[in-house]
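Visitor: Here it is: the structure, laid out below.
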Amino acid sequence: MINTIRHIIEPKHLFLAWQAPDGSSSGRTRRKVAEIAAEETGTIVLRYLKGTEDFEEALAAGFLGYPAFPLDLDQHASGILEIFMRRMPPKKRRDYDDFLRFWRLDPAIPISPLALLGYVGAQLPGDGFSLVHPFDTAKPPFEFLEEVAGFRHIEGFKKVLPLLSNGQEIQLRADPDNPHDPLAIRIELLDGRPIGFVNKLQAPGLHRWLEIPGVRGFIDRINGTEDRPLVYVFLEVGRTL
């Protein structure tokens, strides 16, 4: 059975996240460096989150801004969607519907460019940027697909990997004692064994739904390489039968 996102949540904003390159002394922490938002006029703007802890840590780790939007301006309001949509395959490609299905989107369900960018992340190899739908204004039911954060940092992850299979049920648990982030949400197997975390930029918006109506999750797929496996989970908030 293939998981499918049935409820599209139109975002009021997306976060632009950045990670330092592999081997950086600052680590591979995903940092929130900008917000992409729809104004009441319909204009899409990008605002750098200057002065925030994430932004300042990103600067210290080598962040130079998104190439099309210089850091000397706090806000940009021209060509935002067009520029980020270049990170996506064009609709005219014959395999475009397959691309949508890969991200568990139904080609028959309409989706705006802003929502599409948020659901697929628009991540390219090598540049460290990704877009994150925070689901902070969403109301259940809704679903989304995401990569398990920090899987390779779990102790003995190579021994855990053979225990995972597509369709396997997982659970989410708040982790208030986490020394790095008190809002962290752990992703666990049903026996309590941790396999990683929810994207840190989505965790704040999901906390209120962990108990009521609840969040169900399943391993959607495992790919990557033996040394750098990628585990994706499909999450259902307030699932309806």
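The values are calculated or read from the model by the stated rules, or taken from the named source; none is laboratory data. Because the structure is predicted, anything quoted here is derived from the model rather than measured. Reconstructed Cβ throughout: ideal geometry from the backbone, glycine too, with neighbour counts over all protein chains shown.
Visitor: Being part of a loop (DSSP other than H, G, I, E, B) and either at negative phi or surrounded by 15 or more Cβ atoms within 10 Å (Cβ to Cβ) (or both): is that true of PHE144 here?
Guide: no
Visitor: Which residue out of ASP98, ASP181 is at pLDDT below 95 and within 30 Å of PRO67 (Cα to Cα)?
Guide: After ruling out the rest, the residue left standing is ASP181.
Visitor: Here are ALA58, ALA34: which of them is in contact with a Phe, Trp or Tyr (Cβ under 7 Å, 6 or more places away or on another chain), part of a strand (DSSP E or B) and closer than 14 Å to PHE15 by Cβ?
Guide: Residue meeting the stated conditions: ALA34.
Visitor: Another question about this same structure. Tally up the residues in the range 187-199 that are out of contact with any helix residue (DSSP H, G or I) (no Cβ under 7 Å at 6 or more places or on another chain) and crowded, with 19+ Cβ neighbours inside 10 Å, please.
Guide: Number of matching residues: 3.
Visitor: Taking only pairs six or more apart or across chains, which ones have beta-carbon atoms under 7 Å, a first residue in the range 1-28 that is assigned by TED's automatic domain parsing to the domain that holds ALA77 and β-branched (Val, Ile, Thr), and a second residue that is modelled with pLDDT of 85 or more and in a strand (DSSP E or B)?
Guide: What qualifies is ILE5/LEU105; ILE5/GLU143; ILE5/PHE144; ILE9/PHE142.
Visitor: Cβ-Cβ below 9 Å, separation at least six or inter-chain, first residue in the range 209-234 and free of Cβ contacts under 8 Å to residues at least 40 places away in the same chain and of a type in the set (A, V, I, L, M), second surrounded by 13 or more Cβ atoms within 10 Å (Cβ to Cβ) and part of a loop (DSSP other than H, G, I, E, B): which pairs?
Guide: Between residues of the range 209-234 that are free of Cβ contacts under 8 Å to residues at least 40 places away in the same chain and of a type in the set (A, V, I, L, M) and residues that are surrounded by 13 or more Cβ atoms within 10 Å (Cβ to Cβ) and part of a loop (DSSP other than H, G, I, E, B), the close pairs are ILE212/GLY238.
Visitor: Have a look at ASP22, ASP74 and point out the one that is farther than 30 Å from GLY238 by Cβ and in contact with a Phe, Trp or Tyr (Cβ under 6 Å, 6 or more places away or on another chain).
Guide: Matching residue, one of ASP22, ASP74: ASP74.
Visitor: Something else now. Quick one: in the range 68-112, which of the residues that are acidic (Asp, Glu) and assigned to a loop (DSSP other than H, G, I, E, B) is surrounded by the fewest Cβ atoms within 10 Å (Cβ to Cβ)?
Guide: The extreme case among them is ASP72.
Visitor: Six or more apart or on different chains, Cβ atoms under 9 Å: show the pairs whose first residue is in the range 163-184 and in the same structural domain as ALA149 (by TED's automatic domain parsing) and part of a loop (DSSP other than H, G, I, E, B) and whose second is crowded, with 16+ Cβ neighbours inside 10 Å and of a type in the set (Ser, Thr, Tyr).
Guide: HIS180/THR29
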